[in-house]
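Below is one structure, written out as structure tokens, with a few remarks after it.
The values are calculated or read from the model by the stated rules, or taken from the named source; none is laboratory data. Treat the numbers as computed from the prediction; the structure is a model and nothing was measured. We place every Cβ from the backbone using ideal geometry, glycine too, and count neighbours over all the protein chains shown.
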Amino acid sequence: MSARRRTIDDVLAEARAGLHRLTPRQTWDALADGALLVDIRPAAQRAAEGEVPQSVVIERNVLEWRLDPSSAHRIPAATGYDLQIVVLCSEGYTSSLAAASLADLGLHRATDVIGGYHAWAAAGLPVSSAARPALAGAAH
């Protein structure tokens, strides 16, 4: 028997099918309603592109440990499974996969920003050029 092969486009489409993705403006409104915006871009990318001042920086490699409310390594903002988490990457691809992973953990309101940071900045929403360090700590 051969294993079923899927392309990354298949995986991305499946991930997005389970998300209620937000435009940058919808994300801005969600922040006003208490959503947590999580920037998963690596430091070099944030330094080159800029940042969203309202975001929490958690690089992709530790995302699930920082946001799972049952994890001993969660951030203080990871208060429960009903928290709306909006993931931000550069263009809205990696963030879809990351948000789907969070949804798999039971964070059922996890989603991402359509178009990522580039769309956020193009929409004229707040950005800064000062890169902040990611939240530190062991992965698990």
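Just a few scattered comments:
- Per-region count, the range 54-81, residues among the small types (Gly, Ala, Ser), touching a helix residue (DSSP H, G or I) at 6+ places or on another chain (Cβ under 7 Å) and crowded, with 18+ Cβ neighbours inside 10 Å: 1
- Count of the range 32-53 residues, restricted to those that are surrounded by fewer than 20 Cβ atoms within 10 Å (Cβ to Cβ) and more than 13 Å from the chain's Cα centre (by Cα), is 11.
- Condition met for THR23 (of a type in the set (Ser, Thr, Tyr), within 25 Å of ILE75 (Cα to Cα) and either touching a helix residue (DSSP H, G or I) at 6+ places or on another chain (Cβ under 9 Å) or at pLDDT below 95 (or both)): no
- Selection status of SER95, touching an Asp or Glu at 6+ places or on another chain (Cβ under 9 Å), surrounded by 24 or more Cβ atoms within 10 Å (Cβ to Cβ) and in a helix (DSSP H, G or I): yes
- Verdict on LEU67 being at pLDDT 95 or above and either under 11 Å from VAL38 (Cα atoms) or within 11 Å of the chain's Cα centre (by Cα) (or both): yes
- Criterion violated by LEU107 - all others in (1) without any contact (Cβ under 8 Å) to a residue 12 or more places away in the chain; (2) crowded, with 19+ Cβ neighbours inside 10 Å; (3) of a type outside the set (Gly, Ala, Ser) satisfied: (1)
- Residue list for the range 98-127, filter: of a type in the set (A, V, I, L, M) and in a strand (DSSP E or B): VAL113
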